[in-house]
Amino acid sequence: MSVLTDVELWLNEPHSATADKVHELLDSLGGKLPGKNLVSVPSRSKGTALVLGDIHGDLPLLRRMVMEHFERAGGVDLVVTLGDYVDRTPEGAPFGSLMCALYVLALAARHPGRFIALRGNHETQRHVPAQPSELDEEAEQLLGDRTLATRIWDRIEELPLAATTENGAYLAHAGFPMDADWKGALAHPVERTYLEVVWNDVDASPICGQRGIDQVPISEETLSAFLHNSGSGIVVRGHDPYVAGLPLYHDRLMTVHTTRSVVRTGIFALKLPLDGRLRSLERTQLLRVPP
Ligand SMILES: [Mn+2]
């Protein structure tokens, strides 16, 4: 049985995971993850993508969404997850940060181009500090091997920061580079790029200015400039439970949060058509996910 399949066993039975098996899994991911910061999804004559927002260790919910929407016959063609797989693991999800990280890495490696796992601010802590991660503690507790956490972070570094679909969606954890050369900024990110892409807030949110991140926030104006410059029609992001599910800036920006860990407005996912030009959120479908 493949080591990628082992992950599924661990999800139900974390104590069946061993340090050796996890090392083997991490070895097997070599060369299978994108290894670049921006990936693009080609247009299709038909098809749908499912976008999941912050997971925060909520393995049962992530598993349910993947099985219901991706793995079943007639499900979506591809999944984009917007990052923040770790930290603030909810009750009832033992070792949720560790298992969510291993699960998305395994899915991304198993379905290249079809399961696109982006990094959030909790996955970029080597570049911009976030709170210390539960993943390290969980790895030590469950597997007795702290070097494993370092190896998992090495693999997480191979996940992209942003994705675009050829029909007009830009997706990232929190926002977009404000540089005119936004692709260049993503290819060679500096600290400000990370802040803009995985930490930024929208000026319409009550949390804007409250996280200690000194950034020009996303506004109608900065969004319009980015959409024009990048040739995109919409931005889909996560990171902020206070505006999740709310279409903003004339129906051109949507925030999704897909976790029971931090719920403010609800738990959401978004379906995007991969055919036809996306000029607004009009043709997208917001799913309200039961807890
Ligand atoms: Mn976040």
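The values are calculated or read from the model by the stated rules, or taken from the named source; none is laboratory data. Because the structure is a prediction, the values reported are computed rather than measured. As a convention, Cβ positions derive from the backbone with ideal geometry for all residues, glycine included, and neighbour counts pool all protein chains shown. Side chains are part of the model used for accessible areas, which takes the heavy atoms of the whole protein and leaves out ligands, DNA and RNA. Shrake-Rupley method; radii C 1.70, N 1.55, O 1.52, S 1.80 Å.
Mind checking which residues of region 166-200 are open to solvent by less than 10 Å² (accessible area, probe 1.4 Å) and outside any helix (DSSP H, G or I)?
ASN167, GLY168, ALA169, TYR170, LEU171, ALA172, HIS173, ALA174, GLY175, PHE176, PRO177, ASN200
Can we say LEU171 is in contact (Cβ under 8 Å) with a residue 60 or more places away in the chain, within 16 Å of the ligand (Cβ to nearest atom) and among the hydrophobic types (A, V, I, L, M, F, W, C)?
yes
Just one of the numbered conditions (1) within 29 Å of PRO42 (Cβ to Cβ); (2) part of a helix (DSSP H, G or I) is not true of LEU135; which one?
Here LEU135 meets the rest and fails (1).
Go through (1) within 16 Å of the ligand (Cβ to nearest atom); (2) over 25 Å from HIS23 (Cα atoms); (3) not in a loop (DSSP other than H, G, I, E, B) and name the single condition ALA130 misses.
Checking ALA130 against (1) within 16 Å of the ligand (Cβ to nearest atom); (2) over 25 Å from HIS23 (Cα atoms); (3) not in a loop (DSSP other than H, G, I, E, B), the one that fails is (3).
Does any residue in region 208-225 that is part of a helix (DSSP H, G or I) come within less than 7 Å, Cβ to Cβ, of a residue that is of a type in the set (A, V, I, L, M, F, W, C) six or more places away or on a different chain, and which pairs are these?
THR222/MET178; THR222/VAL216; LEU223/VAL235; LEU223/LEU253
Those residues that are β-branched (Val, Ile, Thr) and either closer than 17 Å to LEU171 by Cβ or open to solvent by 10 Å² or more (accessible area, probe 1.4 Å) (or both), I need them from region 106-129; list them, please.
Across region 106-129, the qualifying residues are ILE116, THR124.
Kindly indicate whether THR259 is under 21 Å from GLU166 (Cα atoms), of a type outside the set (Gly, Ala, Ser), touching a His at 6+ places or on another chain (Cβ under 8 Å) and within 16 Å of the ligand (Cβ to nearest atom).
No.
Yes/no per residue for (1) more than 11 Å from ASP54 (Cβ to Cβ); (2) open to solvent by less than 40 Å² (accessible area, probe 1.4 Å):
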| residue | (1), (2) |
| --- | --- |
| ARG237 | no, yes |
| TYR242 | yes, no |
| GLY245 | yes, yes |
| THR258 | no, yes |
| GLY276 | yes, no |
| SER280 | yes, yes |
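Quick one: THR147 ticks every box in (1) away from the ligand (no atom under 16 Å from the Cβ); (2) at pLDDT 95 or above except a single one, so which number is it?
(2)
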